[in-house]
Structures are given as structure tokens and as C-alpha cells.
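Quick notes on the structure that follows.
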Amino acid sequence: MGNMMTMPLTITSIMRHAQQVFGHVDLVSVNLDLSRHRYNYSVCFQRAAQLAGALSQAGMKQGDCVATLAWNDHYHLEAYYAISCSGAICHTINPRLHPEQIKCIIRSANDRFLLISADLYATLGRELGKSIPFEKIIVYQSDNTVDGDNSVDYDSFIQGQDIHFPWPNLDENQASGLCYTSGTTGNPKGALYSHRSTVLHSYGMALPDSLNMSLSTKVMPVVPMFHVNAWGIPYSAPMVGSPLVLPGRYMGDGKVLAALIEEEEVTSAAGVPTAWVNLLDQMKNQEDGIKKLRSLKMVAIGGASAPATLVEKIEALGPRVRTAWGMTETSPLGCVNALAHSDTNQVSINDRLKAGRPVYGIEFRIVNDREEELPWNGEASGHLEVRGNWVCRQYYHQEADNWDHHGWFNTGDIAKIDTESRIIITDRSKDLIKSGGEWISSIDLENIAASHPDVREAAVIAMPDPKWDERPLLVVTPNTDKDINPAELLEFYQGKVANWWIPDRVVQITDLPHTATGKVDKKVLRAQFEET
Ligand code: ADP
């Protein structure tokens, strides 16, 4: 055996390190009223200690679940550390889920306390408090307007608490956080992260070919802290001393994002494709865009496939784009498409759009229906399976058959892997279109439509067909006031895909439905067009 020490990999150790080494590093957070709050890691973790003190006085114990319904802001960041480093479980909940789904998730996790943003308290929290017996509801940015015996304003709650807290020694395998999938393809399922998985994932996320986080980067997570821990950025940033810019509840507001990038000199940002579509809407012209995004070096796009035009438009303004793949069950980091030294400037846009190479710490394979492994030749397409240090080995309080006997997790995605080990996601198995016994990739069809100048967003869904089983229906939203010409759009597919892939019909609507995480909601679209 080696002679080296073993230190538990805990989130507390990230906090201690940041407090000692990067205490002076700045954090900017957008308040509900759009003003900007500024402080540093040192004060952030002092307040986390105060919150931990107040929560433990209120009865929070190790292993308890504490729910958060909160945005990307400094209060949520303090709660992340206060809860997990006390040995409790930070259960982040997506406020955009249906209230009944939220109740169901809260009951299943048995959340004892709720931390909630004042705006969400008004629209959701007060009602929730009537049906869920929370012991305490802590409302932030409430201006002390909270009511009810068990509701309290955050700042009043922590007032007077010691800025030092006797953080317990934790087992690195202890649970630290809980997040439910947003149910894009089924009912929400809980992923229960551990301290160890979170720390290892944070290393992976900070790596140069992942998000390249360091002292010299300033990162803005546009991915929500209520879903998969904002890709773990709130842990990686203090680990490496990277300043953070938190857009508060304004993640979907391109104007706020553009102002933050320009004024706070953000260097890297991460989000789903829609976030960047919103941002680009703010640029009056190329010159204006270049000026506004001057500081921005890298934009990571993940959570859904990135259309070519989006990548090209962003890069025309300066920043480099990195596409990435991940999911709730993988914490979420899986693979990232970073350029190799040898392929700078020579890589085709098609290669740039692939989901990228696996990050060390998570293994990938593709298998056929008989669970036989398929070659990495860019041709063979199969079920994408993963395993690794930050991949779930089961769901929280729920049976599922996503794992095989060797511990591989079936992601539900269909993929190819090219000879350079880049993963190409062709579809979610539930979104594939089966036409005449062959599969059509909805992602490919969407990306082609989205590259048409008149199209803002596109989604392709399967429609039942008596002859072919299923046929693709293309649903689009227009880029301008001008209506999209369906015949012209279908003509646009000629030569780009096999003729039998070309959708039968184009429907234009004003807005595509989006899931709680900002992805196109095909479940809703399918239901909407079922009757037609
Ligand atoms: P849900 O959407 O169910 O909440 P997640 O947020 O965990 O779940 O999303 C994971 C899914 O998002 C993946 O299984 C995959 O289908 C899709 N996804 C993530 N990144 C990409 C990508 N780069 N390209 C295509 N699909 C992606």
C-alpha cells in the first residue's frame, strides 16, 4: 500500500480552502430588483456559517433534507454550503415544475425546511406552506414582509449567529445534495449526490478542456442552481478561486445577461442553447455584439444539441463555443468538445457540434439492443451508457432498470462515437422517429431547420402514420415578423438528408413550449399535435 495520507473529499474542504486562500475573490449577484449585490468568498462563507448555526438551532440534523426554491444568487450559494457542510442534504427544486410535481418531490424527500426567494414565496411558497408541514420557511429578499408562524426573513434568521460554525467531520460518501430530473421524458427521478462525487466532479469541471476555470477566469453560470447544481460551477469556482457572476432570477433575460457580461467583464459562461438565442437577440448588429461580448472568451453550450447557426453567430462576435453533454444523473459533466492542439482551425462545423470527448472520471460506451458493445467508428449507433465517480448508481427511493449487471447506466440517449472519441448524440430514445422500420434523428432535422435564416427555433416530433408507422412533423417559430414559407423550408432540406427523412409537414407557432430547464418540451408538443 502507498504511504500517502487520505483526506475525506468533502464540500467542507472546498469551503475551507476558498476561505483561507481566495477569501478576497469577488462575487456579484443580481437581486430581485435588478440591483447588484457584491461581496467576497470570505463573507459568503461567514454567512453560510451563520445560516448553518440558525438552521441547527431550528433543529436541522445530519441527513435531513432542506429544500431550496431559489435562483442563481448569493443566498442560494450560502445555502448550498450551510446545508451540505452541516451534513444535511441540499435539495434544490426547480420552481418551474408544476406545483403538484413540486409537492410530490418535497414529500418524497421529506424536506423539513424550505429556503425560498421572496418572489417565489409570493407565487408558490405561501401555498406550499399550507399543504407541507415545513418546520421553517426561510424567505430571502423579503423586506421582512413574510407572514405565518413558521416563515422568517433570511437575514433576520441568521442575525446574531456566530460567523464561525463547528462544521462536523463528514464521511466523504455522505449525501450532500438532491436533484430531481425535470421529467422531460418521464416522471422526475431523484439523483442523490455525495460529498465525494461533488468534489471529484468539481475537479473535472474546472479542467482546461472542460470549463477551464481558474483564478484568471470570471464565470457566469446561466445554468440554474436549482437544476444539477448549475453544472457544479458553485463548487468548482471556489475550488480554484474563480470570481462568480450570478444572474439571479434573470437567466432567461438576454438584456440582463448582456449587461452583466459587458459591465462585469465575464470571461466564460455556460447555458442551454435557448439562453444564447436570448442573448444574441440583444445585439443590434455585429459591431455592437463584438463590443458587448469583448471580455467573453468561452461559451459552453449543453443540455441540448447546439444548432450550427447559433455556434457560428456566437463565434462571429468573438467567444469560442464549447458544446458539452451531461445529465442530472451524471452531476452533470460527461463530455466536452474542446479543440485538440492538432485540429485548431481545421475542424469542420459538424465536428464542432458533436458532444465531445469523455472527461476523465466518467466512462462511455455504446451498445445495441442485446447489450453488445459497438465500435467507435462514427457509423455504429446505439444506446449510450456511462459509469464513473459522479454517476448515480440508483435513484432516490425509486426502483428503475437503467443499470445493467456491470454497473453501466443507460442514459436513454442514442449516440455514435467517432474515431477521435467524440460522442455524437443523435436523439433521445423516446424522441426518435421510426419511419418504415428505420430511425430518423430529430436532432439532425432540427439543426438543419434552425440554420435557415427565417427560423428562430425548431423542433421535430414523431406523428403516427398508417403507412410508415411514424413521420416527422417540423414545428418552427419565426425569426422576424415575416411568416416562414413551408415549401421553401422543406426545399431547404434537399441534399442535406435522405429524401425520406424530410418532414411531411411544417407548422409555424409563436413560441415553442420549453421545459423547466429551458429545453424544448417535446412531451407538450406531442400532446398539442396529437389531435391534428
Ligand atoms: P431532463 O431534461 O430530463 O431534466 P437533464 O437535464 O438531466 O434531464 O438532461 C439530460 C439530457 O439532455 C440528456 O440525456 C440528453 O438527452 C440531453 N442533452 C444534454 N446535453 C446534450 C447535447 N450536447 N446534445 C444533445 N442532447 C443533450
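The values are calculated or read from the model by the stated rules, or taken from the named source; none is laboratory data. Remember, it's a predicted structure, so these values are computed and weren't measured experimentally. A quick note on method: Cβ atoms are made from the backbone with ideal geometry, for glycine too, and the neighbour counts reach across all protein chains shown. Heads up: the accessible areas ignore ligands, DNA and RNA and are worked out on the full protein's heavy atoms, side chains in. Shrake-Rupley method; radii C 1.70, N 1.55, O 1.52, S 1.80 Å.
Data table
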| item | result |
| --- | --- |
| Beta bridges by DSSP in the chain, antiparallel share as percent, to the nearest 5 | 55 |
| Chain lengthening between Asp351 and His514 when straightened (0.36 nm per residue, less Cα-Cα) | 56.0 nm |
| 30 Å Cα-Cα threshold exceeded, pairs from Lys189/Lys292; Lys136/Lys519; Lys482/Lys523; Lys291/Lys430; Lys284/Lys434; Lys189/Lys434 | Lys189/Lys292; Lys136/Lys519; Lys291/Lys430; Lys284/Lys434 |
| Amide proton proximity set for Ile89, modelled H, under 5 Å, gap of 5+ | Gly63, Asp64, Cys65, Val66 |
| Å² per residue, accessible surface of the chain at 1.4 Å | 43 |
| Global geometry of segment 171-290, whether rounded, prolate or oblate, following the gyration tensor of its Cα atoms and the 1.5 cut on a/c | oblate |
| Percentage, to the nearest whole number, of Cα pairs in the chain over 34 Å apart | 37 |
| Paired Rg and Dmax values of segment 11-251, which use every Cα atom, in angstrom | 16.4, 50 |
| Residue-count net charge about Pro238 - beta-carbon cut-off 15 Å; Lys, Arg +1, Asp, Glu -1 | +1 |
| Amide H within-cut-off set for Ala355, under 5 Å, with H built and near neighbours excluded | Ile423, Ile424, Ile425 |
| Segment Lys130-Leu34, extension gain: residue separation times 0.36 nm, minus the distance between their alpha carbons | 31.6 nm |
| Whole-number D in µm²/s for segment 432-529 (Stokes-Einstein; Kirkwood sum over Cα pairs; 20 °C, 1.002 mPa s) | 157 |
| Mean-position separation - Cα centroids, segment 1-71 and segment 209-245, in angstrom | 14 |
| Under 12 Å, Cβ to Cβ, from Asp511 - net charge with Lys/Arg +1 and Asp/Glu -1 | -1 |
| Long-range amide H partners of Lys189 with built H, under 5 Å | Thr181, Gly183 |
| Most to least accessible of Glu263, Glu329, Glu372 (protein chains only, probe 1.4 Å) | Glu263, Glu372, Glu329 |
| FRET efficiency for Asp469 and Glu315, using Cβ-Cβ distance with R0 set to 35 Å, rounded to 0.05 | 0.35 |
| Cα gyration tensor shape for segment 11-147, rounded if a/c is under 1.5, else prolate or oblate | oblate |
| For the chain, calculated [θ]222 nm from helices alone, where every DSSP H run of n ≥ 4 adds -39500 (n - 2.57) | -7500 deg cm²/dmol |
| Listed residues Gln494, Asn72, Gly356: farthest to the positive end of the dipole of the chain (Cβ charges) | Asn72 |
| Cα-centred dipole magnitude for segment 11-251, charges only on beta-carbon of K, R (+1) and D, E (-1), debye, nearest 20 | 380 |
| Alpha carbon centroid spacing (whole Å) that separates segment 121-146 from segment 381-405 | 35 |
| DSSP bridge pairs, segment 1-160: antiparallel proportion in percent, nearest 5 | 25 |
| Protection proxy ranking, peptides 470-476, 93-99, average beta carbon neighbours within 10 Å, highest first | 470-476, 93-99 |
| Candidate residues Met463, Met7, Met220: accessible-area rank, largest first, probe 1.4 Å | Met7, Met463, Met220 |
| Gain in span if fully extended, Glu491 to Glu371, counting 0.36 nm per residue against the direct Cα distance | 39.3 nm |
